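Structure, as structure tokens:
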Amino acid sequence: MIARVLVCMLLSGCLCQAAQARDYRYSDAHLHYVDFFQETEGMSALIEAMDQAGVEHSMISGIPVAKKWHEDEPKRPRYYAGDDADAYWYSATDTYVAAALEKLPAEQRKRFHPFLTGFNPVDKNAVSHIERMLELNPGLWQGIGEVFTRHDDLTALTSGDTPRANNEAMTRIYHLAAERDMPVLLHSNITSKRERNPLYLAEIEEPLRNHPHTRFIWAHAGSSAEIHRHQTRMDFLLSVLTRLLADYPNLYVDLSWSVLEPYLLDEQGVPRKEWLALVERYPDRFMLGSDVVGRFGSLGEQLHSFGPFLDALPEEVANKVAQGNFLAVLPRQPK
Ligand SMILES: [Zn+2]
């Protein structure tokens, strides 16, 4: 009898929880339509994945570099880090995104928010290229990025000089972004694989300070899985981020994958209180991204893995992080 009562209580408890579970609608703030070889599963696969995952809106960009299958490499690489061959700046990536979007009916088209990415961020002429692209497809582009600056081994593998977020070419681009009211999604690792200090912090902080009218989305909050492979968790990330958010109202943070673990969730998958508190203190500044590249099967899994963290936030804040904040960072009136 007692056992039956207990089972009943457990069941009703579960049902009650299920009824209260929040049904998030998502915006994906970080998605690549193609991979490092400029290949894609295609638009119908992407839309199907979005529908299944509850993703109503998505940022969409290409990949600004193409990984070479070098003459000397016996096997076709599967990822940029797969062998020693370099990657080179590849502008056609934006035309693939534009062409894919132009084929869509208006209903689907408005779910996508395309960002321009195919330029060389160490070339001071890059800004002119961007202006030409904006003219070529009037009204299409809503942001700039993902810009690859400090990006694990890709930095060393990319042909030419190392891009910095605070170089002259990027400075010109930030001015243009402010003029056109476009956000910039910036990948700029906070440190190298082995340095246990914010070695490259100045590279992101300088533009934040010098371009108060440019909205910056910092990809993965400057972290990366590759950094964690060498130094598990950066103990300075939370304090640096806390200071930057207070000092620079133009900073927005993409929480995608390498932030979820090991920062937002602990080893047991429990949300960390100090990160919850930070998001609650700045409820408009955080967004989610899948960072999928050209294949979309894991889109739902990526975004839904934030569930435990979102559930631990007040509902209004959770919905902003899941969907609203990304939409709010876009140009106020897409031209
Ligand atoms: Zn990315």
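Can you tell me which of 167-174, 282-289 comes out highest on packing, and rank the rest after it, using the mean Cβ neighbours within 10 Å?
Top to bottom by mean Cβ count within 10 Å: 282-289, 167-174.
Does region 179-335 classify as rounded, prolate or oblate by the C-alpha gyration tensor (a ≥ b ≥ c root eigenvalues; a/c under 1.5 gives rounded; else a/b over b/c gives prolate, otherwise oblate)?
It is rounded, given that a/c, with a ≥ b ≥ c, falls under 1.5.
Can you put 161, 254, 123, 84 in order of accessible area, largest first, using a 1.4 Å probe?
Correct descending sequence by accessible area is 84, 161, 123, 254.
Heavy-atom accessible area per residue, the chain, 1.4 Å probe: how many Å²? Please list the in-between numbers first.
Details: 15520 Å² over 335 residues.
Here the per-residue accessible area is 46 Å².
So what is the 222 nm mean residue ellipticity for the chain from helices alone, if each DSSP H run of at least 4 adds -39500 (n - 2.57) and you divide by all residues, rounding to the nearest 500 deg cm²/dmol?
Taking each H run of at least 4 residues, the total per residue is -11000 deg cm²/dmol.
Compute the distance from the alpha-carbon center of region 31-72 to that of region 86-151, in whole Å.
Value for the Cα centre distance between the two parts: 13 Å.
What does the convex hull of the alpha-carbon atoms of the chain project to on average, in nm²?
19.3 nm²
How many Å³ per residue does the convex hull of the Cα positions in region 234-325 occupy?
It comes to 103 Å³ per residue, whole-number rounded.
What fraction of the DSSP beta bridges in the chain is antiparallel, stated in percent and rounded to the nearest 5?
The answer is about 15 percent antiparallel.
I'd like the carbon and sulfur percentage of the solvent accessible area for the chain, probe radius 1.4 Å, heavy atoms only, ligands and nucleic acids excluded.
51 percent
So which of 75/124; 67/103; 273/320; 124/320; 67/273; 68/110 end up more than 30 Å apart, counting from Cα to Cα?
In this structure, 75/124; 124/320; 67/273; 68/110 exceed 30 Å between Cα atoms.
Give the whole-number value, in cubic angstrom per residue, of the convex hull volume spanned by the C-alpha atoms of region 82-133.
112 Å³
The values are calculated or read from the model by the stated rules, or taken from the named source; none is laboratory data. Predicted, not measured: the structure shown is a model, and the values here were computed from it. As a convention, Cβ positions derive from the backbone with ideal geometry for all residues, glycine included, and neighbour counts pool all protein chains shown. In case anyone asks, the SASA skips ligands and DNA or RNA and just uses the protein heavy atoms, side chains included. Shrake-Rupley method; radii C 1.70, N 1.55, O 1.52, S 1.80 Å.
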